Amino acid sequence: MSLSIISAWKPEHQNRSRPKTAHLDVAEFFCDTIQGENFVGWPAAFLRLQFCTMDCVWCDTNEVWRYGNPYTFDELFKFMDMASLPEKLHKGQHLVLTGGSPLNQQDRLIKFIDAFIHTYGFKPYIEVENECTISPLPAFIKHVDLWNNSPKLDNSGNLRIVRYQPNILMELSKLENSWFKFVISDPLTRNLSPSCCSNRVIDKDIGFIISKWRHGMGRMEKKFSRCACRKLS
């Protein structure tokens, strides 16, 4: 069973005053769970940050990342110590930065990770869940071990001008430690070819596709493809 470090939705975790010192805007924080993407089954801690650049119609966490509070680095380290999380991270549990949109706070995340390294003497393995609409800073890139990229298609309900940033997609595609996933509800050629995978915007050998039911949230279909992001000639 996962261990809650900062619980979502609870009234005592809402509307705190904004600190003057370094902080992150956090929606929830939990550990001792497992990663369900790429490193499937790997022990992981999830630090969910507030706010997002998009508003997907099928988002299953929008009632979480819309709320939360600012927490100073010292407060976060105290909570992590109470959960023995630094020790668990040192033993291999991954730290997954998710949201919302983690890159909305990448300036502060750089400082947070630097402070963690200074405090505990090591850098944990860090994954980032990324909707690919904000260009990552070089100082942030060096801290990230794996980029879990999820460009949004038209079925997300977001305007193309908001969700489709080809220069950012190309930049992320060049990173050796990045991969791409898509939520699809229509035929592959209709959804992917006209957008993310055309004109070599995403120049990756392989990727994954997550198919979802056409109607509502429903359960996720257990069908994957290894050719979603193949290099296009």
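The values are calculated or read from the model by the stated rules, or taken from the named source; none is laboratory data. Computed from a prediction, not measured in an experiment: that's the story for all the values here. Positions of Cβ are generated from backbone atoms using ideal geometry, with glycine treated the same way; all protein chains shown enter the neighbour counts.
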- prompt: For residues in region 79-109 being under 18 Å from residue 148 (Cα atoms) and assigned to a helix (DSSP H, G or I), which is nearest to the chain's Cα centre (by Cα)?
  reply: 102
task: Sort out which residues of region 74-83 are surrounded by fewer than 21 Cβ atoms within 10 Å (Cβ to Cβ) and out of contact with any Cys (no Cβ under 9 Å at 6 or more places or on another chain), and write them in order of number.
output: 74, 75, 77, 78, 79, 81, 82
query: Is there a residue in region 135-145 that is over 30 Å from residue 91 (Cα atoms) and at pLDDT 90 or above?
result: yes
- line: Residue pairs qualifying under the 9 Å Cβ cut-off, at least six apart or on distinct chains, with the first in region 67-92 being of a type in the set (Ser, Thr, Tyr) and the second being part of a helix (DSSP H, G or I), are 67/13; 71/79
message: Looking at region 38-54, can you tell me whether even one residue there is surrounded by 19 or more Cβ atoms within 10 Å (Cβ to Cβ), touching a strand residue (DSSP E or B) at 6+ places or on another chain (Cβ under 7 Å), at pLDDT below 95 and among the aromatic types (Phe, Trp, Tyr)?
response: no
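Each row is one residue, and each column tells you yes or no for (1) at positive phi; (2) crowded, with 20+ Cβ neighbours inside 10 Å; (3) under 14 Å from the mean Cα position of the chain (by Cα).
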| site | (1), (2), (3) |
| --- | --- |
| 137 | no, no, no |
| 145 | no, no, yes |
| 153 | no, yes, no |
| 159 | no, no, no |
| 172 | no, yes, yes |
| 176 | no, no, no |
| 180 | no, yes, yes |
field: Some residue of region 122-134 being in contact (Cβ under 8 Å) with a residue 60 or more places away in the chain, closer than 24 Å to residue 62 by Cβ, touching a helix residue (DSSP H, G or I) at 6+ places or on another chain (Cβ under 9 Å) and in a helix (DSSP H, G or I)
entry: no
- prompt: When region 59-78 is examined, which residues are found to be farther than 13 Å from residue 112 by Cβ and either at pLDDT 95 or above or assigned to a loop (DSSP other than H, G, I, E, B) (or both)?
  reply: 59, 60, 61, 66, 67, 68, 78
statement: Only unsatisfied item for residue 66, checking (1) charged (D, E, K, R); (2) touching a Cys at 6+ places or on another chain (Cβ under 9 Å); (3) surrounded by 17 or more Cβ atoms within 10 Å (Cβ to Cβ), is (3)
